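Notes to accompany the following structure.
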Amino acid sequence: QAAALCPNDYLIVLSKQASSVRSSAYINLISVNTENPKSVVIHEFAHIFANLADEYVPSVIPRGSKNCVSSCDKFKSEIGECKQGCSQDSYFRSIDSGVMRTLRTNNFGKFDTGIVNENLNKYE
């Protein structure tokens, strides 16, 4: 609560918890369990910065999220993959194992990187 009183765009709270405690993101606050892989920071930041949905199943697709689509033809032509299962079984993702699906990588994939870059460009 004290940090929320300071001028900020995003807050990241680091805390060592049991490995079963998940990291999370809500509005502009990221809670990171330091027992999780370091890639959890970019995963959670992508939720609040670029409104990216989780690409594992099951999860909830946030309103306005662009990375989970109802059909492969909704992806831009530069992607090389289209994999079923993006928050919900009936939605598709643009990469087999990107950071929004697994914490074993730092790779967002081309499509999700494009979404992140669109948000970065708003700061120019």
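The values are calculated or read from the model by the stated rules, or taken from the named source; none is laboratory data. Since we're looking at a predicted model, the values are computed, not measured. We place every Cβ from the backbone using ideal geometry, glycine too, and count neighbours over all the protein chains shown. The protein model used for the area step is the full one, side chains on, heavy atoms only, and it has no ligands, DNA or RNA in it. Shrake-Rupley method; radii C 1.70, N 1.55, O 1.52, S 1.80 Å.
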Which of the residues belonging to segment 95-124 are buried (at least 16 other Cβ atoms within 10 Å of the Cβ), out of contact with any Lys or Arg (no Cβ under 9 Å at 6 or more places or on another chain) and closer than 10 Å to L52 by Cβ? G98, V99, F108, V116
Given (1) under 17 Å from the mean Cα position of the chain (by Cα); (2) modelled with pLDDT of 95 or more; (3) surrounded by fewer than 20 Cβ atoms within 10 Å (Cβ to Cβ), N67 misses just (3)
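Would you say P58 is open to solvent by 50 Å² or more (accessible area, probe 1.4 Å), touching a residue at least 40 places away in the same chain (Cβ under 8 Å) and more than 13 Å from V116 (Cβ to Cβ)?
Values: open to solvent by 50 Å² or more (accessible area, probe 1.4 Å): yes; touching a residue at least 40 places away in the same chain (Cβ under 8 Å): no; more than 13 Å from V116 (Cβ to Cβ): yes.
Here the answer is no, as P58 does not meet what is asked.
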Across segment 89-110, what is the number of residues that are charged (D, E, K, R), part of a loop (DSSP other than H, G, I, E, B) and touching a Phe, Trp or Tyr at 6+ places or on another chain (Cβ under 9 Å)? 1
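Condition check: under 14 Å from the mean Cα position of the chain (by Cα) and either assigned to a strand (DSSP E or B) or over 22 Å from K122 (Cα atoms) (or both). Does E55 satisfy that? Write out each step before concluding.
Details: under 14 Å from the mean Cα position of the chain (by Cα): yes; either assigned to a strand (DSSP E or B) or over 22 Å from K122 (Cα atoms) (or both): yes.
Judged against the criteria, E55 is a match.
Can you find, within segment 1-50, the residue that is nearest to I95 (Cα to Cα) among those that are part of a loop (DSSP other than H, G, I, E, B) and touching a residue at least 24 places away in the same chain (Cβ under 8 Å)? Please lay out each step first, then the result.
Looking only at segment 1-50, we keep the residues that are part of a loop (DSSP other than H, G, I, E, B), and these are 1-2, 6-10, 16-23, 27-28, 34-39.
Applying the additional criterion that residues be touching a residue at least 24 places away in the same chain (Cβ under 8 Å) yields 10, 36-37, 39.
On the way: Y10: 27, N36: 22, P37: 20, S39: 17 Å.
Checked segment 1-50; the qualifying residue nearest to I95 (Cα to Cα) is S39.
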Single unsatisfied condition, C82 versus (1) within 30 Å of P7 (Cα to Cα); (2) open to solvent by 20 Å² or more (accessible area, probe 1.4 Å); (3) of a type in the set (A, V, I, L, M, F, W, C): (1)
